[in-house]
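Please read the structure below before turning to the comments.
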Amino acid sequence: MWRFCLSLSEEKRTFAAIMNWITFGKEKAPTLLLIPGLGVSYEIFLPLVRLLEERFRIVAVEVDGFTLGKQTRFTSVDDQAAQVITYVQKHLNGHLDCTYGLSLGGKILSRVLERDEITIDHAILDAAPLLPLPRWLVGPLRYYQAFNVWTCYRWTRFWRWVFHSHYFDILLDECKKTYPFGGRQAVLDGYKSVYTNKLERISGKDIHFWYGTKEAFVAKPQAKHLLALYPEAHVQIFQGMNHGQLLIDHPDEVAERMSNLIEH
């Protein structure tokens, strides 16, 4: 495993944005980029990585604000997308065979596709929030979500008792790992950027949108918006799945789907 760091600075920014890149697999194999969601680290992908690293070159992203072992701050979805583009241009010849973005990671990936500055053969947006919320709702909801994440960090045993499932156990563990290094501010800044941005256009060779039936109320409008912008998009709905649950509970199915896209 190798670790790369890319540091960007802007004149108006008072702190450095540092996105970490953790790589696995074979260097000259087809490339797979993985972007995690808000509140979780790249380690949420490790079961998936173990299934794919013998065949692919895998790059997992540590999103600013949700890193491990060091203090960082979330900047914006667009800044995170710019860092992804710069890394791919510098280290991967501007090309990715497949990219998967979970939730916030899918939002970042949608911005990468919108800018159309690198080539991505297959893009998977897993329950990506592509639409903004009403302005009046953004503030209350981001503070509510920050409180939710704080309770996950502080009251882990309580939530495990409530949900008692492998899916929520993984999310709680991830929350506990990242919260000390980005804290409440990373959650507030992350949700604000997600909730106030609308995808206006998108380009790509092959775009997929995934979501589960248990999150359809939120995810279905996002898929509809994507299809309005890109009618050729493939929307796949997974029965009985909640937000991110397919990746966590069925990494083997995700690995098979990715392998089929890349190898066929």
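Bear in mind these aren't lab numbers, they're just calculated from the coordinates by the rules spelled out. The structure displayed is predicted, hence computed values, not measured ones. A quick note on method: Cβ atoms are made from the backbone with ideal geometry, for glycine too, and the neighbour counts reach across all protein chains shown.
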Return the residues of the stretch 97-136 that are among the β-branched types (Val, Ile, Thr), crowded, with 24+ Cβ neighbours inside 10 Å and not in a strand (DSSP E or B); say none if nothing qualifies.
ILE108, VAL112
Can you name the residue in the stretch 215-262 that is among the acidic types (Asp, Glu) and touching a residue at least 40 places away in the same chain (Cβ under 8 Å) and, of all such residues, is surrounded by the fewest Cβ atoms within 10 Å (Cβ to Cβ)?
ASP252
Can you list the helices (runs of 4 or more DSSP H) found entirely within the stretch 174-264 that contain at least 1 residues being in contact with a helix residue (DSSP H, G or I) (Cβ under 7 Å, 6 or more places away or on another chain) and under 26 Å from TYR153 (Cα atoms)?
245-249, 251-263
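When the stretch 33-48 is examined, which residues are found to be touching a Cys at 6+ places or on another chain (Cβ under 9 Å) and farther than 12 Å from GLY101 by Cβ? Steps first, answer last, please.
The initial filter retains those residues of the stretch 33-48 that are touching a Cys at 6+ places or on another chain (Cβ under 9 Å), namely 33, 39-40.
Of everything in the stretch 33-48, those that are touching a Cys at 6+ places or on another chain (Cβ under 9 Å) and farther than 12 Å from GLY101 by Cβ turn out to be GLY39, VAL40.
Just the residues that are free of Cβ contacts under 8 Å to residues at least 12 places away in the same chain, charged (D, E, K, R) and farther than 16 Å from PRO47 by Cβ, please, taken from the stretch 149-171. First the steps, then the outcome.
Of the stretch 149-171, the ones free of Cβ contacts under 8 Å to residues at least 12 places away in the same chain are 151, 154-155, 157-158, 161-165, 168-169.
Those still in the list that are charged (D, E, K, R) too: 154, 157, 169.
Within the stretch 149-171, ARG154, ARG157 qualify.
Within the stretch 85-98, can one find any residue that is of a type in the set (Val, Ile, Thr) and under 19 Å from ASP126 (Cβ atoms)?
To start, the set of residues in the stretch 85-98 that are of a type in the set (Val, Ile, Thr) comprises 85-86, 88.
From what's left, under 19 Å from ASP126 (Cβ atoms): none.
No, there is no match, as no residue in the stretch 85-98 is of a type in the set (Val, Ile, Thr) and under 19 Å from ASP126 (Cβ atoms).
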What pairs come out if I take residues in the stretch 99-112 that are without any contact (Cβ under 8 Å) to a residue 40 or more places away in the chain and within 15 Å of LYS205 (Cβ to Cβ) and pair them with residues that are among the polar types (S, T, N, Q) and surrounded by 24 or more Cβ atoms within 10 Å (Cβ to Cβ) whose C-beta lies under 8 Å away, six or more apart or interchain?
VAL112/THR99
